[in-house]
1. Would you say L34 is among the hydrophobic types (A, V, I, L, M, F, W, C), more than 16 Å from the chain's Cα centre (by Cα) and farther than 25 Å from E123 by Cα?
2. Among the residues of the range 55-76, what is the count of those that are within 16 Å of the chain's Cα centre (by Cα) and touching a residue at least 12 places away in the same chain (Cβ under 8 Å)?
3. Condition (residue is under 22 Å from K4 (Cα atoms), modelled with pLDDT of 95 or more, among the polar types (S, T, N, Q) and out of contact with any strand residue (DSSP E or B) (no Cβ under 6 Å at 6 or more places or on another chain)) applied to the range 114-124: is it met by at least one residue?
4. Go through the range 124-134 and report how many residues are open to solvent by 60 Å² or more (accessible area, probe 1.4 Å) and part of a loop (DSSP other than H, G, I, E, B).
5. Would you please list the contacts, defined by Cβ atoms under 7 Å and residues six or more apart or on different chains, that run from a residue in the range 113-125 that is of a type in the set (S, T, Y) to a residue that is open to solvent by 30 Å² or more (accessible area, probe 1.4 Å) and not in a loop (DSSP other than H, G, I, E, B)?
6. Show the residue pairs meeting these rules: Cβ distance below 6 Å; 6+ apart or different chains; first residue within the range 81-107 and more than 19 Å from I59 (Cα to Cα); second residue open to solvent by 50 Å² or more (accessible area, probe 1.4 Å) and among the β-branched types (V, I, T).
7. Being among the basic types (K, R), closer than 23 Å to A133 by Cβ and in contact with a helix residue (DSSP H, G or I) (Cβ under 8 Å, 6 or more places away or on another chain): is that true of K76 here?
8. Looking at L71, L34 in this structure, which one is farther than 20 Å from D97 by Cβ and touching a strand residue (DSSP E or B) at 6+ places or on another chain (Cβ under 7 Å)?
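The values are calculated or read from the model by the stated rules, or taken from the named source; none is laboratory data. Please read all numbers here as calculations on a predicted model, not as lab measurements. Here the Cβ is made from the backbone with ideal geometry for all residues, glycine too, and neighbour counts use every protein chain on show. Areas reflect the complete protein model, heavy atoms only, side chains present, ligands, DNA and RNA absent. Shrake-Rupley method; radii C 1.70, N 1.55, O 1.52, S 1.80 Å.
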Amino acid sequence: MNIKVGFGFDVHQLKDGLDFWLGGIIVPYKKGGLGHSDADVILHAITDSLLGALGENDIGYHFPDTDIKNLNKESKFFLIDANNKLKERNGKIIHSDINIICEEPKISPYRDRIVESVSNILEINKNRINIKAT
């Protein structure tokens, strides 16, 4: 058995008037992530972790912010692409442990919806996904 582990990390500045995408859902909040795409830090981090496990370059290499095709794009498309690369190489996600660090908003009311969304995007059972917030 050949086991590879990838690690992903993402951070975005928050700005008034933008949707706050987190794990493929919009979390009601007064600010949202500032980015070329929808700035979904969870999906960006998981995308980078899959690409890392595959020995690929990072999300910015595959989906540069200089490419107009990526402007305002939903991050689930980046994650689906990385997950397809994993499947093409007969890879499988055993478990995804997600850590969210933010003062606001509180994540716990949205945790189950985020887990459901991520499991649907990755096409894996939701018991393979864990979310912790600090």
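1. no
2. Qualifying residue count, the range 55-76: 9.
3. The answer is no, given that none of the residues of the range 114-124 is under 22 Å from K4 (Cα atoms), modelled with pLDDT of 95 or more, among the polar types (S, T, N, Q) and out of contact with any strand residue (DSSP E or B) (no Cβ under 6 Å at 6 or more places or on another chain).
4. 2
5. That search, which allows pairs on different chains as well, returns S119/K126.
6. I101/T134
7. Taking the combined requirement at face value, the residue satisfies it.
8. Every option except L34 fails the conditions.
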